[in-house]
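What follows is a single structure, written as structure tokens, with notes after it.
The values are calculated or read from the model by the stated rules, or taken from the named source; none is laboratory data. Given the structure is predicted, the values throughout are model-derived calculations rather than measurements. With ideal geometry, Cβ positions are generated from the backbone for all residues, glycine too; neighbour counts draw on all protein chains shown. Just the protein is used for accessible areas: all its heavy atoms, side chains included, with ligands, DNA and RNA removed. Shrake-Rupley method; radii C 1.70, N 1.55, O 1.52, S 1.80 Å.
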Amino acid sequence: MKLYYATGTCSLSPHIVAKEAGIVFETEKVDTRKTPHVTENGLDYTTVNPNHYVPALRLDDGSVLTEGAAIVQYLADLKPESGLAPAAGTVERSRLQSWLNFIASELHKMYSPWLFHPEYGTQAQDVARAKIAERLASVERHLAENGPFLLGEDFTAADAYLFTIVGWSPYTKVDLAAFPILRDFMARVGARPAVQAAMRAEGMRVAA
Ligand SMILES: N[C@@H](CCC(=O)N[C@@H](CS)C(=O)NCC(=O)O)C(=O)O
């Protein structure tokens, strides 16, 4: 298997899940700043994902799986004993999917593209920040009542995704000051050895 990734983007989430599960795979870095995007091996990335974006997972049969929320579940299901995804068909699995969908649509796609492209203008960016703050307030309440992780006691793929997206806050001027429980979550998840291993593998700086 091979993960196509770009450093520090949403593809960090499947990278974390793989490290947490002890799954060894190849990685290939994609330069998403070039058009068309090219990989470190000189491959036109549109031949991997016609939608251009990372992450994408090349499976051992040569086919490609896209969409971060699907990739993390696929990886977690390869190692059910990791507890990164509850068993399919259970209400707990549906809760995991509920969180993955929430993070993808209510957070990920609010931070990106809006807050990474100044050309959208400050008015659009202020609206995005206000919406993100509303959503983070609901995550904060949930963690306060049901934490320490999104599904309760155990770290799951949803936590890897939340950590990845909320980790963009310092670069996008999203203020986490009002969310102490979420900040605590970020510090706790950021201290996990598998999370640090994934970040280092991508060349990211890891807090001491
Ligand atoms: N719906 C996709 C969105 C992935 C996405 O937004 N990827 C960004 C990085 S976080 C990207 O590759 N952007 C470059 C591009 O769209 O060309 C998913 O959830 O996997």
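Scanning segment 176-202 for residues that are assigned to a helix (DSSP H, G or I), of a type in the set (A, V, I, L, M, F, W, C) and surrounded by fewer than 15 Cβ atoms within 10 Å (Cβ to Cβ) turns up just one, 187.
Do we have residue 74 as of a type in the set (Ser, Thr, Tyr), open to solvent by less than 20 Å² (accessible area, probe 1.4 Å) and out of contact with any Gly (no Cβ under 6 Å at 6 or more places or on another chain) here? So residue 74 fails the test.
Near the ligand (Cβ under 10 Å from one of its atoms), more than 21 Å from residue 185 (Cα to Cα) and touching a strand residue (DSSP E or B) at 6+ places or on another chain (Cβ under 6 Å): is that true of residue 53 in this structure? It is false that residue 53 is near the ligand (Cβ under 10 Å from one of its atoms), more than 21 Å from residue 185 (Cα to Cα) and touching a strand residue (DSSP E or B) at 6+ places or on another chain (Cβ under 6 Å). For segment 66-85, taking the residues that are within 16 Å of the ligand (Cβ to nearest atom) and of a type in the set (Ser, Thr, Tyr), the one that is farthest from residue 149 (Cα to Cα) is identified as 66. Within segment 86-103, being open to solvent by 60 Å² or more (accessible area, probe 1.4 Å) and either touching a residue at least 40 places away in the same chain (Cβ under 8 Å) or within 16 Å of the ligand (Cβ to nearest atom) (or both) holds for 92, 95, 97, 98, 101. Would you confirm, using the coordinates I've provided, whether residue 106 is open to solvent by 40 Å² or more (accessible area, probe 1.4 Å), among the acidic types (Asp, Glu), away from the ligand (no atom under 12 Å from the Cβ) and more than 23 Å from residue 197 (Cα to Cα)? So residue 106 fits the description; yes. Considered as a group, the residues in segment 1-43 that are open to solvent by 60 Å² or more (accessible area, probe 1.4 Å) and of a type in the set (A, V, I, L, M) include one that is farthest from residue 53 (Cα to Cα), and that residue is 24. Selection within segment 1-46: residues that are β-branched (Val, Ile, Thr) and in a loop (DSSP other than H, G, I, E, B). The member of this set that is farthest from the ligand (Cβ to nearest atom) is 24. Inspect segment 64-87 for any residue being small (Gly, Ala, Ser), outside the structural domain of residue 167 (by TED's automatic domain parsing), assigned to a strand (DSSP E or B) and within 18 Å of the chain's Cα centre (by Cα) and give the result as yes or no. No: segment 64-87 contains no residue that is small (Gly, Ala, Ser), outside the structural domain of residue 167 (by TED's automatic domain parsing), assigned to a strand (DSSP E or B) and within 18 Å of the chain's Cα centre (by Cα).
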